[in-house]
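The values are calculated or read from the model by the stated rules, or taken from the named source; none is laboratory data. Being a predicted model, the structure only gives us computed values, none of them experimental. With ideal geometry, Cβ positions are generated from the backbone for all residues, glycine too; neighbour counts draw on all protein chains shown. What goes into the accessible areas is simple: the full protein's heavy atoms, side chains included, and nothing from ligands, DNA or RNA. Shrake-Rupley method; radii C 1.70, N 1.55, O 1.52, S 1.80 Å.
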Amino acid sequence: MAEEIITIERHILERQRTYPEATGVFSSLLYDIALVAKIIARETTRAGLVEILGLAGKMNIQGEQQMKLDVFANETMVRVNSYTGRLAAMASEEVPGIIHIPEGYPTGPYVLVFDPLDGSSNIDVNVSIGTIFGVYRRRSAEGPATMEDFMQPGRDLVAAGYVIYGSSTMMVYSTGNGVHGFTLDPGVGEFLLSHPDIHIPQTPKYYSVNQGNERRWSDGVLRFTHWLQGMDEAEPRESLSGRYIGSLVADFHRNLLDGGIYYYPSSPKRPEGKLRLLYEAAPLAFIAENAGGAASNGWQRILDVVPESLHQRVPLYIGNRELVEKAEAFIARYDG
Ligand code: AHM
Ligand code: MG
């Protein structure tokens, strides 16, 4: 019998039907994000052709130079989602403050957080990049959204996901009911269900960390890494293979499908770590947990960390639960 072909639209709608009280706003929001993904994917694959590469000359809030494609991705997300009446506001890694809905347009019950184009150092060299997003229900009653609407821990996410622009474009999302992956058929412009109900494999294969930072690691991180490499004499194990792309989405995606751990620890140079809680760590932690994995900042579950500011950073350990717990154990023992 032939396999069924399921578009992301149908998948989202069918899930919605299992919630009789659902108004459809949330489903439409997810579909809007899929549209943004398609537009960014189109632009990414044409990047070298349309001379879009290079620096736009602006600095973002993190003091980094923005690539043109970052600006494009950010603007696309904002333009698609500003006028639909589904959102109360947005927050982006590329924008300092809350992105409000323009005056005169209706607001909705959700807020959207996103990293429009993650792994931007990889754009110029044709290596995979990604988009990360999270959706929360607004907390304030009505009118323009407030900071309170964004200072929610990841455990309160109603949906999260990412898009990877790789050898093909994939969108992976969860609403807390399994993790599902869709591959873009560029010919018809549809995301088709290719990876239903993703579970991180029991046996991990890879560890992913920027080994170039090794001299700045704490004892705990160093010893944990030696353990992953099978070099811990007290507790020998089969060594994992090292893989590091430097695009969080791509590194996370590979480890989700093949098993493994990604980590970006804190260091004296970056005491808070590098990655952003709201735009990167929390949404991917939501995906990881829903796929049977885990995510921690080294001592606390990422989904329990309550943000105090929009652009807050966190150390991140994410992937197979057993490995994340082991990282916590090494950190507690040697860095405590
Ligand atoms: P970005 O949001 O500015 O692209 O930074 C986040 C990226 C992640 O995708 C990646 O895992 C990490 O930074 C790589 O950092 P490093 O080059 O320090 O290893
Ligand atoms: Mg990023």
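Restricting attention to segment 119-136, which residues are under 12 Å from residue 247 (Cβ atoms) and of a type in the set (Ser, Thr, Tyr)?
Correct list: 120, 121, 128, 131.
Which one of 276, 321, 301, 333 is over 24 Å from residue 168 (Cβ atoms) and within 16 Å of ligand 2 (Cβ to nearest atom)? Working first, answer last.
Working: 321 fails: within 16 Å of ligand 2 (Cβ to nearest atom); 301 fails: within 16 Å of ligand 2 (Cβ to nearest atom); 333 fails: within 16 Å of ligand 2 (Cβ to nearest atom).
Among 276, 321, 301, 333, only 276 is over 24 Å from residue 168 (Cβ atoms) and within 16 Å of ligand 2 (Cβ to nearest atom).
Residue 36 is checked against (1) part of a helix (DSSP H, G or I); (2) open to solvent by 40 Å² or more (accessible area, probe 1.4 Å) and fails just one. What number does that condition carry?
Just one mismatch for residue 36, condition (2).
Out of the residues in segment 140-156 that are in contact (Cβ under 8 Å) with a residue 60 or more places away in the chain and part of a loop (DSSP other than H, G, I, E, B), which is most open to solvent (accessible area, probe 1.4 Å)?
Per the criteria, the residue is 151.
Considering every residue within segment 205-214, establish whether at least one is open to solvent by 50 Å² or more (accessible area, probe 1.4 Å) and more than 30 Å from residue 336 (Cβ to Cβ).
No, every residue in segment 205-214 fails to be open to solvent by 50 Å² or more (accessible area, probe 1.4 Å) and more than 30 Å from residue 336 (Cβ to Cβ).
Those residues that are open to solvent by less than 50 Å² (accessible area, probe 1.4 Å), outside any strand (DSSP E or B) and under 21 Å from residue 210 (Cα atoms), I need them from segment 298-327; list them, please.
Listed by number, the residues that qualify are 298, 302, 312, 315, 320, 323, 324, 326, 327.
Could you tell me how many of the residues in segment 253-274 are open to solvent by 10 Å² or more (accessible area, probe 1.4 Å) and either of a type in the set (A, V, I, L, M, F, W, C) or modelled with pLDDT under 95 (or both)?
Residues that pass the stated criteria total 6.
For residues that are part of a strand (DSSP E or B) and surrounded by fewer than 21 Cβ atoms within 10 Å (Cβ to Cβ), scanning just segment 100-139, find the one that is farthest from ligand 2 (Cβ to nearest atom).
Residues of segment 100-139 part of a strand (DSSP E or B): 100, 110-118, 129-137.
Checking the rest, the ones that are also surrounded by fewer than 21 Cβ atoms within 10 Å (Cβ to Cβ) come to 100, 137.
Values: 100: 22, 137: 24 Å.
If we take residues in segment 100-139 being part of a strand (DSSP E or B) and surrounded by fewer than 21 Cβ atoms within 10 Å (Cβ to Cβ), then 137 is farthest from ligand 2 (Cβ to nearest atom).
Within segment 280-296, count every residue that is within 16 Å of ligand 1 (Cβ to nearest atom) and open to solvent by 10 Å² or more (accessible area, probe 1.4 Å).
0
Among residues belonging to segment 227-249 that are open to solvent by less than 60 Å² (accessible area, probe 1.4 Å) and more than 8 Å from ligand 1 (Cβ to nearest atom), point out the one that is nearest to residue 130 (Cα to Cα).
Step by step, filter segment 227-249, then rank; the result is 242.
Name the pairs: first residue in segment 111-134 and at negative phi and of a type outside the set (Asp, Glu), second residue in a loop (DSSP other than H, G, I, E, B) and more than 12 Å from ligand 1 (Cβ to nearest atom), Cβ to Cβ under 6 Å, at least 6 apart or on different chains?
Between residues of segment 111-134 that are at negative phi and of a type outside the set (Asp, Glu) and residues that are in a loop (DSSP other than H, G, I, E, B) and more than 12 Å from ligand 1 (Cβ to nearest atom), the close pairs are 111/138; 111/145; 128/166; 134/157.
Which residue is least open to solvent (accessible area, probe 1.4 Å), if the candidates are limited to segment 168-204 and must be free of Cβ contacts under 8 Å to residues at least 12 places away in the same chain and of a type outside the set (D, E, K, R)?
Pass one, segment 168-204, residues free of Cβ contacts under 8 Å to residues at least 12 places away in the same chain: 185, 187-188.
Narrowing further to those that are of a type outside the set (D, E, K, R): 187-188.
Numbers: 187: 72, 188: 99 Å².
Ranking the qualifying residues of segment 168-204, first place goes to 187.
Quick check, is residue 162 open to solvent by 50 Å² or more (accessible area, probe 1.4 Å) and within 16 Å of ligand 2 (Cβ to nearest atom)? It would help to see each step written out before you state the result.
Numbers: open to solvent by 50 Å² or more (accessible area, probe 1.4 Å): no; within 16 Å of ligand 2 (Cβ to nearest atom): yes.
So residue 162 fails the test.
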